[in-house]
Amino acid sequence: MADTAKPKGGTARGSASRRRSRKDTALGNEKPETLLDYYRQMLFIRRFEERTGQAYTQARIGGYCHLNLGEEATVVGLMDALQERDYLFTNYRDHGYAIGKGMDPKRVMAELYGRVDGVSKGWGGSMHMYDTQTRMLGGYGIVGGQLPLATGAALAVTYRGGDEVVMCQMGDGTTNIGAWHESLNIAKLWNLPVVFVVINNFTGMGTTVEMSSAEPELYKRGAAFRIEGERVDGRDVLAVRDTATRLVERAREEQTPFLLEAWSYRQKGHSVVDPAKYRTDEQRDEARSEENDPIALFDAKLAKAGILTDDLREEIAASVKAEVTEAADFAENSPKPDVSTLFDYTYATPVPNESRRMPADPVFAE
């Protein structure tokens, strides 16, 4: 097991601060255009999610809504590690991943608005992005609901003799539920090509990892299943990309599962409506500080290297703002689903005696 971003000091049990040490990944021989593309992707996700939060408070978006604010480097690094043919399963914090896997941002925003031009035709909403063409197979609202399905997809790949890899993203709280143990166990027993990725933002809803997990170093928790695990600094897009790429390609070549823990700071509450009052002032300031903001960190690194100039920064920002506005306008102008289509996608194939009763309909037909 490897810890490429080891925390310094004790755990949160002994200190109010969960501050982690930082080890920069050198730019090396990276192409400037590649680095700038990563920067733009990260900034786009940030602005997209900010616009999403705004639309939610304006009642344009309903249901639950969870944002990737603070997780942008992790999202971009993980998605760059996948090939187009690889599969992705995520939890409900899925907007950035959907865009990173290739979904049209306009259709993602339309789905958030619950409109027919959305990726799930407006019936999925924030937590259920899905697109077979890009092989992003959800968005799951139930904690851990994606793990058995991702494991099953990896079994299907193996059964068909394919060379695709399945990536299964989840939050830190998922490591304490039954589906985690069952899925990792069978993935190793059957040597399935799946990379389980735990996004550790130190707080499962309102409970710290140290208070909920007997082993808070989550990358070690695959040891019970003899699954090799690594931890990476989720604020560093290059570190995430390199570590994830290595594990994805090993899963492809060796036909065996791996575990990756990427840690970063959740800048706001668990969901849009969560004020995060369980955080101390110090923890709140730490999560929102520039030293833990992946975009501010990458911006400074590129600027120091002479890759990101002031003019280029303004140009990228303007371009991102225009694209996000275009996505919001597209969603606003997309029609709402007709009520008659409510049950059209309950089952993949017709089911005898399927109920299509509306809430106001009588239980028994007269």
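What the table shows:
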quantity	calculated
Loop-located trypsin sites (Lys or Arg not before Pro) in the range 95-184, at most 12 other Cβ atoms within 10 Å (DSSP)	Arg160
Coil-residue chymotrypsin sites (Phe, Trp or Tyr not before Pro) of the range 293-366, DSSP, other Cβ within 10 Å capped at 14	Phe343, Tyr345, Tyr347, Phe364
Ile142 - accessible surface, heavy atoms, 1.4 Å probe, Å² rounded to 10	130 Å²
C-alpha center-to-center spacing [the range 113-153, the range 317-366] in angstrom	14 Å
The chain - mean residue ellipticity at 222 nm from DSSP helices (-39,500 (n - 2.57) per run, n ≥ 4, rounded to 500)	-12000 deg cm²/dmol
Surface share of carbon and sulfur [accessible, 1.4 angstrom probe, percent] for the chain	51 percent
Computed over the chain: relative contact order in percent, which uses C-alpha pairs under 8 Å that are six or more apart	22 percent
Fraction of beta bridges assigned by DSSP in the chain that are antiparallel (%, nearest 5)	15 percent
Amide proton proximity set for Asn200, modelled H, under 5 Å, gap of 5+	Ala262, Trp263, Ser264
Furthest towards positive pole of dipole, Tyr38, Thr207, Leu218, structure part the range 30-326, Cβ charges	Thr207
Spatial separation of Cα centroids for the range 222-268 and the range 32-105, in angstrom	18 Å
Sites matching trypsin sites (Lys or Arg not before Pro) across the range 242-309 that sit in DSSP coil, with at most 14 neighbouring C-beta atoms within 10 Å	Lys277
Assigned charges on the beta-carbon of Lys, Arg, Asp, Glu; the range 30-326 dipole about Cα centre (debye)	820 debye
Whole-number accessible area per residue in Å² for the chain, which is evaluated in the context of all protein chains at 1.4 Å	47 Å²
At q = 0.20 Å⁻¹, base-10 log of I(q)/I(0) for the range 185-225 (Debye sum, equal scatterers on each alpha carbon)	-0.71
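The values are calculated or read from the model by the stated rules, or taken from the named source; none is laboratory data. None of these values were measured; they are calculated from a predicted model. Quick reminder, even Gly has a Cβ in these numbers, built from the backbone with ideal geometry, and neighbours come from all protein chains shown. Remember, those area values only see protein heavy atoms, side chains included, never the ligands or the DNA or RNA. Shrake-Rupley method; radii C 1.70, N 1.55, O 1.52, S 1.80 Å.
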